[in-house]
1. Within the group A:SER201, A:SER205, which residue is within 9 Å of chain B (Cβ to nearest Cβ), touching a Cys at 6+ places or on another chain (Cβ under 7 Å) and without any contact (Cβ under 8 Å) to a residue 40 or more places away in the chain?
2. Answer yes if at least one residue in region B:83-93 is within 8 Å of chain A (Cβ to nearest Cβ), at pLDDT below 95 and in a helix (DSSP H, G or I), and no otherwise.
3. Do you know which of the residues in region B:61-72 that are more than 9 Å from chain A (Cβ to nearest Cβ) and open to solvent by less than 10 Å² (accessible area, probe 1.4 Å) is farthest from B:PHE99 (Cα to Cα)?
4. Restricting attention to region A:117-133, does a residue exist that is open to solvent by less than 40 Å² (accessible area, probe 1.4 Å), within 25 Å of A:GLN22 (Cβ to Cβ) and of a type in the set (Ser, Thr, Tyr)?
5. Looking at (1) within 19 Å of B:ARG93 (Cβ to Cβ); (2) within 14 Å of another protein chain (Cβ to nearest Cβ); (3) modelled with pLDDT of 95 or more; (4) touching a strand residue (DSSP E or B) at 6+ places or on another chain (Cβ under 9 Å), which is the only condition A:SER317 fails?
6. Filter region B:208-244 down to residues that are charged (D, E, K, R) and part of a loop (DSSP other than H, G, I, E, B) and give me whichever is farthest from the other protein chains (Cβ to nearest Cβ).
7. Starting from region A:222-235, keep only residues that are over 21 Å from B:SER201 (Cβ atoms) and touching a residue at least 60 places away in the same chain (Cβ under 8 Å), then list their pairs with residues that are of a type in the set (Lys, Arg) and assigned to a loop (DSSP other than H, G, I, E, B) whose Cβ atoms are within a distance under 8 Å, requiring at least 6 positions of separation or different chains.
8. What do you reckon, is A:TYR41 buried (at least 18 other Cβ atoms within 10 Å of the Cβ), in contact with a Pro (Cβ under 9 Å, 6 or more places away or on another chain) and within 25 Å of A:SER4 (Cβ to Cβ)?
There are 2 protein chains.
Amino acid sequence: MLFSQEEYDARLAGVRARMARQGLSALLVTDPANLYYLTGYNAWSFYTPQVLFVPADGPMLLFTREMDAGGATRTSWLPPENIVGYPERYVHRPHLHPFDWVAFALRERHLIAPAAAGCVGLEMDSHFFSPKAYRSLVNAVPEWTLVDCFELVNWVRSVKSPAELELMRQAARICNGAMEAAVAGIAVGVRQCDAAAAISSAQISGVDGIGGDYPAIVPMLPTGEAADTPHLTWSEERFEAGQAVVVELAGAYHRYHAPLARTVVLGPPSDRLAKLADAVADGLDAVLTEVQPGVPVHELARTWNRTLAKYGLEKPSRIGYSIGIGYPPDWGERTISLRSEDETVLAENMTFHLIGGMWMDNYGYELSESIRVSPDGVEPLTSFPRELLQKGS
Amino acid sequence: MLFSQEEYDARLAGVRARMARQGLSALLVTDPANLYYLTGYNAWSFYTPQVLFVPADGPMLLFTREMDAGGATRTSWLPPENIVGYPERYVHRPHLHPFDWVAFALRERHLIAPAAAGCVGLEMDSHFFSPKAYRSLVNAVPEWTLVDCFELVNWVRSVKSPAELELMRQAARICNGAMEAAVAGIAVGVRQCDAAAAISSAQISGVDGIGGDYPAIVPMLPTGEAADTPHLTWSEERFEAGQAVVVELAGAYHRYHAPLARTVVLGPPSDRLAKLADAVADGLDAVLTEVQPGVPVHELARTWNRTLAKYGLEKPSRIGYSIGIGYPPDWGERTISLRSEDETVLAENMTFHLIGGMWMDNYGYELSESIRVSPDGVEPLTSFPRELLQKGS
């Protein structure tokens, strides 16, 4: 196992403490990152329904598609008798849902009534928990009061253990290597897809004998005028002289992520891009200086906004989010956002992707860092020249 | 644009014809593959809510996160005024949901009342439509009768146009190249992650000047005893002599997929593996011989089961599914499954991933093909020696 049984026990204890405060006598976990966090189960099986039943007391039960139960047995610490496969005939059927079967399996095990003593928490905004799955539970277990758990496990994940931080540092080393591959690969006349192939290869092979895992998001390469919007992937087009390429990628190690963004310009940057790069670097520096336990995250957002205002700029979107375990389509934890509306206070061993991303009209710029909140400030996890990267003259 | 406006118009007409038969006066589309099919919108933005409003008459309206509206304008054929960004402050908030905003935006545009004339269809089992999003709509639009559309757009997608088939043939060429990279890369002493890196690089660089897109699923490499379960990804372990490696991967081109599975054995296969390989090859051949328009898919499943029974084997899971456009985490269309419970009848230009996957105790075998139903039989899209691939003696 990657983590000690003591660590897994502490994670479950953390989840149950939160369950008690929220009045939950059971929790149904569907987010694959949360399944991995609590059980170690790791496979590309989350495109069919899966759920971990976490009662206030007693063993957890993991339900997967029948053909995936073997993978769960191989990768999780749960004893095989607590891993239950639902029959294949429930997969992708219009008038059946696997959770119809799961609910009855819980009933047969006499686990419905004890959980009805309080409320039962659901991950109402998890990616792989559909409205159909939700309604299946509503119909199958009328005696349960189903409530949103509001990212309960994700919140427990927000403070990392020493073992988790070690994995994130390895992920960051892989990330640095992948960014090196990106900067080496992006050049005038090269197809975008060939640069992306070099990045992906570096992400998976890893560095210094550390093999990489698949990142939750593919390399993103908005290029030229299209760099005024994030989240575009590569094309077959060739890079042209003068283009700026916004590269956002991550290193991943045993599902832990360290993302990083840099902007590569092919030749001298335009004045407006150089000015934007200065403003963003200034803003990011100001925020990094302020990171330490006890600081409310909205203060970071305000510092960013104040610095940008000096340059006559503003940014409506958040400047970062909590990171850690990730499965497609997101490496964020969907809890803390670094923005003025967020009331969270920084704590030691929280980890963030801190992003200066500016999407203007027909151009854009990104500069980011993966960081850990250290006892007295900040530990940058990623390490790469923090500047606009010029290639060619 | 990748497809003609006539083709997009025909797709929408197909969707509206089905909407009329199902009594829907509007449809809310959330599956990114369906968004791409109807509008061309393509970005890695589906980790935050997105929705396409398709009324029975009048223009479609696409709602995305504000920062993604630019990406939608750049990649889709929709006029910019029909692409609406919701404010950043609705992203990842516990007590707000973007669909609260979207529902009111539809109300301001006087689009709620006309849609209330019939039912409004939802993709109740789509990956990126959460119960929270569903309840947001229930609360915000009490005058709508919300019903499951039962994969309405996915069903329209099941028969491919000539232009789509051309993209799938290119995807298949990329897939063949990626499988070549897999067979070349898997060898005794090589780390699994290095083989995966070679596969990923080949998938993205493509072949013969055709650049690859990212497949919806990363290369899967269950190895040795762990090959008794599907869906495991790579590790840092090195391949060992005698191991069998089940490789499942796809080529992707402009989001269209052609998947393929082969099994590579490092040295002479065990008797039981060789016997299993013979049975699967026999079963797959028997099924391929039977494919033609007018054949019910459950007949294919029965033929497979009859052939396997001759070898004393059976397989509880489906032997394939409809393929085409895919986004993570799945390249299947979630409509037609090749199994005995499915009543669908094969039609010309349907496309499938036909899979002989056998997961035994401590070993396994997979052999598959991406196929098109041609006017008088079958067109295999992928092309790779259809056998157990032995490396080393």
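1. A:SER205
2. Scanning region B:83-93 turns up at least one residue that is within 8 Å of chain A (Cβ to nearest Cβ), at pLDDT below 95 and in a helix (DSSP H, G or I).
3. B:LEU62
4. The answer is yes; a qualifying residue exists.
5. All conditions pass for A:SER317, except number (3).
6. Looking at the filtered set, the residue picked out is B:GLU240.
7. none
8. Yes, satisfied.
The values are calculated or read from the model by the stated rules, or taken from the named source; none is laboratory data. No experiment lies behind these values; they were computed from the predicted model shown. Glycine also receives a Cβ, built like all others from the backbone with ideal geometry; neighbour counts cover every protein chain displayed. Accessible surface areas use protein heavy atoms only, side chains included; no ligands, DNA or RNA. Shrake-Rupley method; radii C 1.70, N 1.55, O 1.52, S 1.80 Å.
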